[in-house]
Amino acid sequence: MFDPHRPRRSVLYMPGSNARALEKAKELSADALILDLEDAVAPGEKAAARELVVEAVRGGGYGRREIVIRINGLNTDHGMEDLRAACAAAPDAILIPKAQSAAMIEEVGALMATHGAPETTQIWAMMETPLGILHAERVATASTRLTAFVMGTNDLAEDLRAHQTEDRAPLLPHLTHCLLVARAYGLAAIDGVYNAFRDEAGFEARCASSAALGFDGKTLIHPAQIDICNAAFAPDAEAVETAKARIRAYEEAREKGEGVAVLDGTIVENLHAEAARTLLVRHNAIRAMEG
């Protein structure tokens with residue numbers, strides 16, 4: 001069952017061809033892991049990587065982390081076999097590259113049923129082509145298994161011939177469009193990678209802007225990015241205390257028969273109380289994730 005409040009702050013790509021990395025991932029503090037059979041695997045290593053990933057997923061040991069397998073496209077030499085193997089492994093989700101039509105997602109859903117994927121295995125969609133962005137709403141509603149958009153900002157920028165500037169202005173319309181669609185249809189929304197993984201200050205700023213936009217988290221290319229990302233997408237202590245205070249104030253007002261409360265000179269209505277409750281649900285889910 002898809003949980004929209006499950007922490008997805010840090011979603012780390014792991015190369016499926018690297019057995020040592022797959023084992024090390026069990027000790028990392030990422031909320032989710034994408035075991036990658038696509039970009040991170042050389043053509044000659046695809047079959048071996050598939051076997052390693054299936055073995056890793058079946059072997060377990062990843063704790064509360066969400067486990068996702070990114071397959072190669074169904075139109076490639078390896079895509080169909082990847083999908084068949086991923087269905088048998090039964091991860092939390094299968095990530096589809098270059099999702100750009102309802103028909104593509106419908107085909108994946110049908111094939112997952114044919115290959116016996118459990119109902120709990122979700123579809124995540126890589127939103128990384130102009131056609132995919134244009135058809136985001138159709139993609140979002142193509143299958144009840146589809147639960148998340150993952151932004152592929154590198155591929156998208158290349159296809160758009162856009163520059164990846166510090167403020168990301170050339171990509172913002174496309175990012176916010178997919179975020180809008182995701183929120184409209186109850187999907188998770190994961191922002192794209194930050195390539196300069198040694199630039200901690202730049203990455204921290206990027207995480208802050210991504211969280212401000214409303215994304216649930218970011219995909220990562222290096223474990224060194226995890227802690228910064230987790231902190232950026234988690235409610236801080238002040239936000240948690242403010243949420244608790246708003247809920248108390250609103251509930252006290254309701255007990256008095258009043259429709260709104262006033263807290264520190266600010267109106268607190270039902271929508272503010274609901275937002276505060278959602279924040280606390282996220283906060284508690286993160287605490288549970290971190291043990």
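Laboratory data are not the source of any read-out in this text; all were calculated from the coordinates shown. Predicted model, so just to flag it, every value in this text is computed and none were measured. Quick reminder, even Gly has a Cβ in these numbers, built from the backbone with ideal geometry, and neighbours come from all protein chains shown.
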Handout entry: In order through the range 256-261: 3J(HN,Hα) via Karplus (6.51 cos²θ - 1.76 cosθ + 1.60), integer Hz, x for Gly, Pro
Key = 8, x, 9, x, 9, 10
Fill in the blank from the handout: Per the C-alpha gyration tensor (a ≥ b ≥ c, the square roots of its eigenvalues), the chain is rounded if a/c is under 1.5, else prolate if a/b beats b/c, else oblate; here it's prolate
Problem - Cut-off under 5 Å, modelled amide H: who pairs with L95 long-range - result: I69, R70, I71, W124
Exercise for the section: Taking amide H positions as placed in the peptide plane 1.01 Å from N, state which residues far from L146 in sequence (5 or more) or on other chains have amide H under 5 Å from it. Expected result: I123
Fill in the blank from the handout: The summed charge of the A245 Cβ neighbourhood (under 13 Å; Lys/Arg +1, Asp/Glu -1) stands at -1
Problem - For the range 231-242, 3J(HN,Hα) per residue [Karplus equation, 6.51 cos²θ - 1.76 cosθ + 1.60, θ = phi - 60°, Hz, x = Gly/Pro] - result: 5, 5, 9, 9, x, 7, 4, 5, 5, 5, 5, 5
Problem - Degrees between helix 270-289 axis and first principal axis of the chain (Cα, 0 to 90, nearest 10) - result: 50
Completion exercise
Expected sort for K46, K218, K244 with the fewest Cβ neighbours (10 Å cutoff) up front is K244, K46, K218
Problem - Formal net charge of residues neighbouring H135 (Cβ-Cβ distance under 15 Å; K, R +1; D, E -1) - result: -3
Problem - In sequence order, calculated HN-Hα J values of the range 219-226 (Karplus, 6.51, -1.76, 1.60; Hz; x Gly/Pro) - result: 7, 10, 10, 8, x, 4, 8, 4
Exercise for the section: May I ask what percent, to the nearest 5, of DSSP beta bridges between residues of the chain are antiparallel? Expected result: 10
Completion exercise
Gyration tensor on Cα atoms of the range 4-161, a ≥ b ≥ c root eigenvalues, a/c under 1.5 rounded, else prolate if a/b beats b/c, else oblate, says rounded
Practice task
Before anything else, pin down the relative contact order of the chain: Cα pairs under 8 Å, at least 6 apart, normalised by residue count, whole percent.
Solution key: 17
Handout entry: S101 paired with E252, simple spin-label distance in nm, labels 7 Å along Cα-to-beta-carbon
Key = 5.9
Fill in the blank from the handout: Rounded to the nearest 10, the angle in degrees between the Cα long axis of helix 200-213 and the longest principal axis of the Cα atoms of the chain comes to 70
Fill in the blank from the handout: Most exposed first, judged by fewest Cβ atoms within 10 angstrom, L160, L52 run L160, L52
Handout entry: Cα-based Lys pair tally, the chain, threshold under 21 Å, eight or more apart or on separate chains
Key = 6
